[in-house]
1. Looking only at chain B, where both bridge partners belong to it, what percent of the DSSP beta bridges are antiparallel (to the nearest 5)?
2. Taking other Cβ within 10 Å of each residue's Cβ, how do B:Lys165, B:Lys185, B:Lys107 sort, fewest first?
3. Average partner chain C-beta neighbours within 10 Å, per residue of B:35-43?
4. Among A:Ile25, A:Leu42, B:Gly385, whose Cα projects farthest towards the positive end of the dipole of the protein assembly as shown, with charges put on the beta-carbon of Lys, Arg (+1) and Asp, Glu (-1)?
5. Test of understanding: express the Cα radius of gyration of chain B as a ratio to 2.2 N^0.38 Å, with N the residue count.
6. Within 12 Å, Cβ to Cβ, of B:Met236, how many net charges do the neighbouring residues add up to if Lys/Arg are +1 and Asp/Glu are -1?
7. Taking chain A as a Gaussian network, Cα atoms linked when under 10 Å apart, which of A:Arg198, A:Arg92, A:Arg47 shows the biggest mean-square fluctuation?
8. Average partner chain C-beta neighbours within 10 Å, per residue of B:251-261?
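Bear in mind that the values in this text are calculations on the coordinates, not laboratory data. Just so it is clear, the model here is predicted, and its values are computed rather than measured. Positions of Cβ are backbone-derived with ideal geometry, glycine not excepted, and every protein chain shown enters the neighbour counts.
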Amino acid sequence: MEKFTVLNGLVAPLDRANVDTDAIIPKQFLKSIKRSGFGPNLFDAWRYLDHGEPGMDHARRALNPDFVLNQPRFKGASILIARKNFGCGSSREHAPWALLEYGFRCVIAPSFADIFYNNCYKNGLLPVVLPETEVDRLFYDVASFPGFRLIVDLGKQEVSILDASRSAHFEIDAYRKHCLLNGLDEIGLTLTHADKIRSFEARRRERQPWLFS
Amino acid sequence: MGRTLYDKLWDDHVVHVGDDGTTLLYVDRHLVHEVTSPQAFEGLKLAGRKPWRMDSVVATADHNTPTTDWGRGIAGIVDPVSRLQVETLDANMREFRAKAYFPFLDKRQGIVHVIGPETGATLPGMTVVCGDSHTSTHGAFACLAFGIGTSEVEHVLATQCVNTKKMKNLRVTVDGLLERGVTAKDVALAVIGSIGTAGGTGYAIEFAGGTIRALSMESRMTLCNMAIEAGARSGMVAVDENTIGYLKGRPFAPTGEAWNRAAAYWRTLASDPDARFEREVRLDARALKPQVTWGTSPEMVASIEDRVPDPDKEKDAARREGMERALQYMGLKPNTPIGEIRIDKVFIGSCTNSRIEDLRAAAAVVKGRHVAASVRLALVVPGSGVVKAQAEREGLDRVFRDAGFEWREPGCSMCLAMNADRLEPGERCASTSNRNFEGRQGAGGRTHLVSPEMAAGAAIAGHFVDVRRLG
Ligand code: SF4
């Protein structure tokens, strides 16, 4: 997993509540057995005018000019601001994969759906929860100032505007922060507890043998 | 102080707690399907790791599998990408032997959340995970069951644990007798309508109260299945004699002395009387009417006696905009009576409503009637091969066929339209599935979530009808 320390990035807005993972990456693209190749199909149904299917040459498809990410001013954005309950619906990890591959490293919203929130961390995509009023303000800023950027400092747990005149604190579990800051492989970390897992398992086998037959 | 059912299940599986409360939780049952597992097995192999305990794994192919032409074998999966996913699961299961694998074409193949309970692979007191959000279904058996992402699938394969934090407790208490024609699906939709699709975020939901105790296991599964649609990763119901009766004699359920020991333990799986819930929600079942969603989120729901809401009456700007967008997508006018919405297709199936009881209920409505001429396609897709065989023994397939329904092979089918079963742009469907998101059942398709009875009634009438009045 790629490390996340400090991100200075262009901000793009997605002004809808309850954006579900079907919208983030439609199901026809889940048929891959790889972790990559999803970027061109991020928000596919909104982003293109035609209906997307795997195997199409996405570079040649007609873009929907009304979809916000297609506006030239948001090209190269790495921070997405969104509304409440972002990432609801299916557990597909293809959603964070698609966001990352498109270029996003951070999504800021007033709330996230639990599974999506979890999946982000496993891939080095930072989900930041800020109060609704703060997010409102960011939407206003993005609309008002072309080229609006934010600095997301994971170490300080802070999102701030470039001149540092305004910043907001966010919460993150210490364990997740540690993994992200150092780009750590979680499985490797867990396996340092292998003995504990084994002894737990042995006790369980004794008490509830039917779970192991 | 007393503990909730969730507290008990949690405490029972804690392997290690980190400084910030991040917990390694032991996994008893790992369910696997073809869409969210290939990258996990690949990751495992790339890292040179071995699965920890493959006898905890029960796998099936369900999302991509066709519901027709099984005679053609694997060649019947026309889409090469779908076929590759199914074949990749086959290959992974050959390499890493699971406790059980129900591949495509197997007599007992089916939707992962239907076959878990049906085979007894899901047992009370377990932690059950699957790379699928509707894993909450298994909570009907007093399991701690929740969906995980693909990285977590790999993590569970490698370590038999998930890294997670404890949720808060939310109890949804439902009391009173449900009217005939009002079902667990309607309870689920009403709960989501009242707390919203993010209402359960951060919580584990326990469904309790007289209504829930009176529900069959199938109905409890329907209810827990939809917990995720209320934002909760887990939904659960305490063990009672219904639970134990359902499990007795299932292929993977314990037998003999082990059964007695297990059952004695299972009976302890209920919240203590003095347990504390951070949040409580109540619902009066007597007041409940059959529900129909009108929008593109399960919380956009009304009763059959209502009308499509009018965004102009909504004061909150963001909500108004969401409603307008949904109505536009759904092609609906404000104030249209729900009963006047005409449908093009009907889908009875999915892990929410494809069990034998669902099929019986739908068949009872259909019997002796015929699908309306205006309905282009009415599909019944049993949840598993076992459900299908049982239904055929009872003659339900004939009832459906005689009425003009198609009787298909098991799988996820038009719940998410990864196989060939889907809506065309603009088509409107009465569906017993769980999600009405834009494009869920096919690009541009319009989904109305309903119970099996209501879907059957809509098929007959060509529009939504109040099944309580069908007689
Ligand atoms: S039936 Fe639908 S919701 Fe259930 S597992 Fe299959 S695709 Fe998911």
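1. 25
2. B:Lys107, B:Lys165, B:Lys185
3. Values: counts 9, 6, 1, 5, 8, 2, 1, 3, 3.
Shielding by partners across B:35-43 averages 4.
4. Projecting each Cα onto the dipole axis, the largest value belongs to B:Gly385.
5. In units of the 2.2 N^0.38 Å rule of thumb, it is 0.94.
6. Numbers: positive: B:Lys8, B:Arg171, B:Arg220, B:Arg233; negative: B:Asp7, B:Glu206.
Taking every Cβ under 12 Å from that of B:Met236, the sum is +2.
7. It is A:Arg198.
8. Counting other chains' Cβ atoms within 10 Å and averaging over B:251-261 gives 2.
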